[in-house]
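Nothing in this text is a laboratory measurement; each read-out follows from the coordinates by a stated rule. In this text, all values refer to a predicted model and were calculated from it rather than measured experimentally. Glycine also receives a Cβ, built like all others from the backbone with ideal geometry; neighbour counts cover every protein chain displayed.
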Amino acid sequence: MSDEPRLAYFVAIKEGASYLGGLLITNSLGIPIDFRYTEPITPTKLQSLLYGKALEPHLRGDVIQKALLKEIKTPPDLMFVRMSDLAGDFAVENKYPILSVQRSQEQPLPTQGATTRISSRELLVQLSEGASPLRVLFAHGLTQAEQDSAMEKVVQAGYQMDLAEPMDRTLEALRSLIHTEEKPKQG
Amino acid sequence: MLGRIKDTVEDVAETIKRAFVGPAVHSAPQFFIETPVSNAMLLPVASTLVAPLTISANISVASLLLSAPVSIADVQFRPLVLLETGEAFKANAKLVSIPLAWSGVVKFAEIPRMNAPAVRGVDDSYSVFKTEFYVLPQFSLKLEKTYKLNTSMNTPRCFTSVETALSRPIGIQSENVEKISKALLMRYTIQLVKETRENIRNLEIIGIYSIPKKGVRAIKRDASAGLLRILVGSEAQNSEYNKLMLARKKSDSTIVSCVVNPETE
């Protein structure tokens, strides 16, 4: 079991004026191994003014994400984030590749495991027979070799589980924590 | 002869006339005005002189009795300033002395002409018009202290709750049936037929799913997503896996399932 790839799913959401994030670690089947989340952070008015448009990327990448990753003892093999997070200058951790996956509407590729490169950091990969290929977007700063290495893990994990599905779970779990009065235990 | 007599008679007549004529009366000069003061005369020497002057004159009676006309030079004037009520000194006027025709002096007040106004400096006594910048202490703009505000975001506290993550259904994807070797697939199919007691021709394989051996609480097929949704407990985290084979009966479209073992014949 210890040789199984560990997949991390990071989500940061804004609830009112506060931000909070969650990190789900799963095994290669998508079974949760660990789940961490932060307390809500409410930036002050002064901080909002001073950071401007950089506030949200800074909170997601530099504050929430780093705080959660510090809590993880074993680093993940792949770290998945939402597609919108990669649109900006999302912080890139060099320890593990950061990528986003999304179900596409493209025609299926001829064989399972086949990939088609769309741009320097975007690919289509066929993981399940007959279904639409999965769109994979890598974070800035990953070399071609790093992307290829990460794609091998993506294909390996994608044979057994739906790689996009745990992201929805993480988001649901995070939202459920906001609305429940569950007393958290600090970890 | 008669002429000499006539002249003599006229001389005598004249002599007698003079002997019996009264003392000579001279009209005083127009500028002598009697004042209540005895033997004192007021002299309005000039209209500009504000302060009246009272001038006393000593006139000898003997001279008045003389037949000879009184010379004005005999009049002794003693100018005396009795009162000065004007405000001439406030107007920077100065008194000037002008000698009269007779012995004596009359003083005039000479008022200076209007000169251009003097330009005063800013530091003269008219400070009421001076503009000066005063800063009240309570409104001082001086920054005596500067403050540094920490704008960095504090690292948030983190919590763990695997239970929360486990409470969500997990979507399991089927293995690619076409990738499974025919021998292994045949082995799986035989196990399915044995367990369901269905004709193999009546079964249509949907998928083969890896699910934990322990901790599975619920299983539901999500046809739209092509996933098997399972609800697991914490026991599932370190559990081994079983392969769950799903098939649809062609006769009534019902779903049948069987846990298959690659080792079992």
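Taking amide H positions as modeled 1.01 Å from N, with prolines and chain starts lacking one, no residue 5 or more places away or on another chain lies under 5 Å from A:Ile72. Rounded to whole numbers, the Karplus 3J(HN,Hα) couplings from phi for region B:220-226 are 8, 8, 9, 5, 5, 8, x Hz, using 6.51 cos²θ - 1.76 cosθ + 1.60 with θ = phi - 60°, and x at Gly and Pro.
On a 0 to 90 degree scale, rounded to 10, what angle separates helix A:144-158 from the longest Cα axis of chain A? Roughly 90 degrees between the two axes. Averaged over the residues of A:35-45, the number of partner chain Cβ atoms lying within 10 Å of the residue Cβ comes to 4.
Residue pairs exceeding 24 angstrom between C-alpha atoms, taken from A:Lys14/B:Lys220; B:Lys182/B:Lys249; A:Lys70/B:Lys243; A:Lys53/A:Lys95: A:Lys14/B:Lys220; A:Lys70/B:Lys243; A:Lys53/A:Lys95. At 4 °C and a viscosity of 1.567 mPa s, what translational diffusion coefficient does Stokes-Einstein give for region A:7-180, taking Rh as the Kirkwood radius over Cα pairs? Give it in µm²/s as a whole number. Taking Rh from Cα pairs, D becomes 77 µm²/s.
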